[in-house]
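A.B. asks: Please read through the structure below; I'll follow up with questions.
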Amino acid sequence: MKTPDKTFKFDKADDSTGFLLWQVTNLWQREIKKALEKYRLTHSQFVIMASIHWLTLHSEEVTQILLSNHTKIDPMTTSTVLRTLQQKGLVERQEHSTDTRAKVVTLTEEGRKVIKQAVATVETFDLEFFSALGKETDKFNRKLISLLGRAEGPGK
């Protein structure tokens, strides 16, 4: 016999959008972690390196702050990840030409080689993972973008 406890608004756990998102995110991240093992990169390291490469290809001078804003990774974590990548010989940090407080971040030759291979692996994985969405993928992406916009809105 069910208890008349009304702690939850949902009759089924699958009716909770947040719980479903949490489950899908964990599944996706677990599989991405496996895909990145051969490159000896964590997911955060991959995102940072891929973003450096992306921003560089789009003619941006990549600073730690730009990188933090682009990835939505807080500045302290961004700095910590960059330090680790620098120790691995995958990125370099140099003084900014005009802003002495800023650091310009670039991939090393080895970093470019690794990230190009890792991006191909992750993009292939993503295509397979999200293939269940079929023709709804673009709509799904737009919905995710709207959630990101809401999170950055007033009061955030």
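A.B. asks: Can you tell me which residue among L90, L107 is within 16 Å of V47 (Cα to Cα) and in contact with an Asp or Glu (Cβ under 7 Å, 6 or more places away or on another chain)?
C.D. replies: So the residue among L90, L107 that is within 16 Å of V47 (Cα to Cα) and in contact with an Asp or Glu (Cβ under 7 Å, 6 or more places away or on another chain) is L90.
A.B. asks: Do we find a residue being in contact with a helix residue (DSSP H, G or I) (Cβ under 9 Å, 6 or more places away or on another chain), of a type in the set (F, W, Y), within 14 Å of V119 (Cα to Cα) and crowded, with 18+ Cβ neighbours inside 10 Å anywhere in the range 40-52?
C.D. replies: yes
A.B. asks: Here are E31, E61: which of them is farther than 20 Å from K113 by Cβ, among the acidic types (D, E) and either touching a residue at least 60 places away in the same chain (Cβ under 8 Å) or in contact with an Asp or Glu (Cβ under 8 Å, 6 or more places away or on another chain) (or both)?
C.D. replies: E31
A.B. asks: Turning to a different aspect of this structure: Going by what's in this entry, would R83 be described as surrounded by 14 or more Cβ atoms within 10 Å (Cβ to Cβ) and modelled with pLDDT of 95 or more?
C.D. replies: The answer is no for R83.
A.B. asks: For Q64, state whether it is out of contact with any Phe, Trp or Tyr (no Cβ under 7 Å at 6 or more places or on another chain), surrounded by fewer than 12 Cβ atoms within 10 Å (Cβ to Cβ) and not basic (K, R).
C.D. replies: Judged against the criteria, Q64 is not a match.
A.B. asks: Find all pairs meeting these conditions: Cβ atoms under 8 angstrom apart; at least six residues apart or on different chains; first residue within the range 13-27 and in a helix (DSSP H, G or I); second residue modelled with pLDDT under 90 and surrounded by 10 or more Cβ atoms within 10 Å (Cβ to Cβ).
C.D. replies: Filtered contacts from the range 13-27: F19/A13; L20/D14.
A.B. asks: Name every residue in the range 126-138 that is out of contact with any Lys or Arg (no Cβ under 9 Å at 6 or more places or on another chain) and either surrounded by 11 or more Cβ atoms within 10 Å (Cβ to Cβ) or on the phi > 0 side of the Ramachandran plot (or both), in order of residue number.
C.D. replies: D126, F129, F130, G134, E136, T137 - these are the residues of the range 126-138 that are out of contact with any Lys or Arg (no Cβ under 9 Å at 6 or more places or on another chain) and either surrounded by 11 or more Cβ atoms within 10 Å (Cβ to Cβ) or on the phi > 0 side of the Ramachandran plot (or both).
A.B. asks: Going by the conditions given, is E110 of a type outside the set (V, I, T) and in contact with a strand residue (DSSP E or B) (Cβ under 9 Å, 6 or more places away or on another chain)?
C.D. replies: no
The values are calculated or read from the model by the stated rules, or taken from the named source; none is laboratory data. Predicted model, so just to flag it, every value in this text is computed and none were measured. Cβ coordinates were reconstructed from backbone atoms using ideal geometry, including for glycine residues, and neighbour counts include every protein chain displayed.
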